[in-house]
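The values are calculated or read from the model by the stated rules, or taken from the named source; none is laboratory data. Computed from a predicted model, the values in this text were never measured in an experiment. Because the Cβ atoms are built from the backbone with ideal geometry, glycine has one as well, and the counts that use them run over all protein chains shown. Only protein heavy atoms, including side chains, enter the accessible area calculation; ligands, DNA and RNA are left aside. Shrake-Rupley method; radii C 1.70, N 1.55, O 1.52, S 1.80 Å.
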Amino acid sequence: GGGPSNGSYSKRSELSDNRAEGAFTNGDERYYTLSFWPPSEIWDKATKYSTVISQWKQFGGGNPNFEVRLNSMGNYQITFRSVEHSVKELTLGTAVPDQWNDLKYYVKNSEGNDGELKIWLNGELVYTYEGQTLYKRNQDGYFKFGMYTEFRDERILLFDGVRISNSLLGKSLEEWATDQQDYPSVELTTPEDDTQIELGSTINLL
């Protein structure tokens with residue numbers, strides 16, 4: 001649903017882990033990893049609204065517990081807000097266009113004051129929150145990622161490497177927060193983009 005009156009696109013494109021076995025509850029810890037790629041030919045163009053790329057919700061409707069957003073004004077800013085926890089929207093950092101940007105979230109879910117949220121962007125700790133993380137009593141929650149907003153034009157955002165866990169399997173928090181920095185990277189210079197190649201030809205990749 002959503003989008004312009006002609007119905008050519010939607011304002012929501014998200015995936016969620018909202019099954020009973022994937023839900024988090026009071027006292028649970030969760031470790032989230034995802035990578036996103038904003039194509040510059042799309043995101044260099046400014047539009048009115050930002051988009052929620054990660055959010056934590058509790059069942060039964062209402063505002064998200066926390067939101068991480070990608071600004072749509074052509075500046076690639078990553079922002080954070082929580083209406084229910086009186087955290088005003090603030091800038092966490094800047095994404096890099098045309099490459100994978102890594103986000104890590106650590107959440108200790110709590111109805112009391114011992115809750116915690118930490119956010120890393122491209123291996124750098126950019127936000128720490130301590131206090132209540134569940135604003136509804138006796139209500140489980142779930143995580144969503146993708147795009148949710150009311151854009152006025154079509155947008156494309158790529159996601160990869162999504163992981164959700166309740167354990168670090170022996171890693172320290174610091175090791176986990178930077179483990180994507182060890183991934184190899186490859187730069188292809190030949191053949192160039194849009195090269196026309198005849199069927200059956202041998203291609204050298206450099």
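Is it the case, given these coordinates, that GLU14 is in contact with a Phe, Trp or Tyr (Cβ under 7 Å, 6 or more places away or on another chain), surrounded by fewer than 16 Cβ atoms within 10 Å (Cβ to Cβ) and not in a loop (DSSP other than H, G, I, E, B)?
Numbers: in contact with a Phe, Trp or Tyr (Cβ under 7 Å, 6 or more places away or on another chain): yes; surrounded by fewer than 16 Cβ atoms within 10 Å (Cβ to Cβ): yes; not in a loop (DSSP other than H, G, I, E, B): yes.
The answer is yes for GLU14.
Going through ARG137, ARG152, ARG163 one at a time, which residue ends up being in contact with a Lys or Arg (Cβ under 9 Å, 6 or more places away or on another chain), open to solvent by 40 Å² or more (accessible area, probe 1.4 Å) and farther than 21 Å from THR94 by Cβ?
On the way: ARG137 fails: in contact with a Lys or Arg (Cβ under 9 Å, 6 or more places away or on another chain); ARG163 fails: in contact with a Lys or Arg (Cβ under 9 Å, 6 or more places away or on another chain).
Just one listed residue meets the conditions, ARG152.
With the structure loaded, tell me whether THR91 is of a type outside the set (A, V, I, L, M) and either part of a strand (DSSP E or B) or surrounded by fewer than 16 Cβ atoms within 10 Å (Cβ to Cβ) (or both) or whether it fails that test.
When the stated conditions are applied, THR91 passes them.
Could you figure out which of (1) surrounded by fewer than 13 Cβ atoms within 10 Å (Cβ to Cβ); (2) within 19 Å of ARG137 (Cα to Cα); (3) in contact (Cβ under 8 Å) with a residue 24 or more places away in the chain isn't true of SER86?
Of the numbered conditions (1) surrounded by fewer than 13 Cβ atoms within 10 Å (Cβ to Cβ); (2) within 19 Å of ARG137 (Cα to Cα); (3) in contact (Cβ under 8 Å) with a residue 24 or more places away in the chain, the odd one out for SER86 is (3).
Would a scan of the range 21-28 turn up a residue that is in a strand (DSSP E or B), charged (D, E, K, R) and under 30 Å from LEU169 (Cα atoms)?
Let us first name the residues in the range 21-28 that are in a strand (DSSP E or B), namely 24.
The next check asks that each one be charged (D, E, K, R); those that pass are none.
Within the range 21-28, not a single residue is in a strand (DSSP E or B), charged (D, E, K, R) and under 30 Å from LEU169 (Cα atoms).
For the range 192-204, does any single residue satisfy the condition of being surrounded by 10 or more Cβ atoms within 10 Å (Cβ to Cβ) and either free of Cβ contacts under 8 Å to residues at least 40 places away in the same chain or part of a strand (DSSP E or B) (or both)?
Looking through the range 192-204, none of the residues is surrounded by 10 or more Cβ atoms within 10 Å (Cβ to Cβ) and either free of Cβ contacts under 8 Å to residues at least 40 places away in the same chain or part of a strand (DSSP E or B) (or both).
Would you call GLY62 open to solvent by less than 60 Å² (accessible area, probe 1.4 Å), over 13 Å from the mean Cα position of the chain (by Cα), farther than 18 Å from GLN132 by Cβ and in contact (Cβ under 8 Å) with a residue 24 or more places away in the chain?
Considered against the rule, which asks whether it is open to solvent by less than 60 Å² (accessible area, probe 1.4 Å), over 13 Å from the mean Cα position of the chain (by Cα), farther than 18 Å from GLN132 by Cβ and in contact (Cβ under 8 Å) with a residue 24 or more places away in the chain, GLY62 comes out as no.
Taking the criterion of being of a type in the set (A, V, I, L, M), out of contact with any Ser or Thr (no Cβ under 8 Å at 6 or more places or on another chain) and open to solvent by 60 Å² or more (accessible area, probe 1.4 Å), would at least one residue in the range 104-122 satisfy it?
Scanning the range 104-122 turns up no residue that is of a type in the set (A, V, I, L, M), out of contact with any Ser or Thr (no Cβ under 8 Å at 6 or more places or on another chain) and open to solvent by 60 Å² or more (accessible area, probe 1.4 Å).
Quick check on the range 138-164: of everything there that is part of a loop (DSSP other than H, G, I, E, B) and among the basic types (Lys, Arg), which residue is farthest from SER110 (Cα to Cα)?
Filtering the range 138-164 for residues that are part of a loop (DSSP other than H, G, I, E, B) and among the basic types (Lys, Arg), the one farthest from SER110 (Cα to Cα) comes out as ARG152.
Here are the criteria: (1) in contact (Cβ under 8 Å) with a residue 60 or more places away in the chain; (2) surrounded by fewer than 18 Cβ atoms within 10 Å (Cβ to Cβ); (3) farther than 25 Å from ASP179 by Cβ. Tell me which single one GLY22 does not satisfy.
Of (1) in contact (Cβ under 8 Å) with a residue 60 or more places away in the chain; (2) surrounded by fewer than 18 Cβ atoms within 10 Å (Cβ to Cβ); (3) farther than 25 Å from ASP179 by Cβ, only one is false for GLY22: (3).
Does THR79 count as free of Cβ contacts under 8 Å to residues at least 40 places away in the same chain and more than 12 Å from the chain's Cα centre (by Cα)?
So THR79 fails the test.
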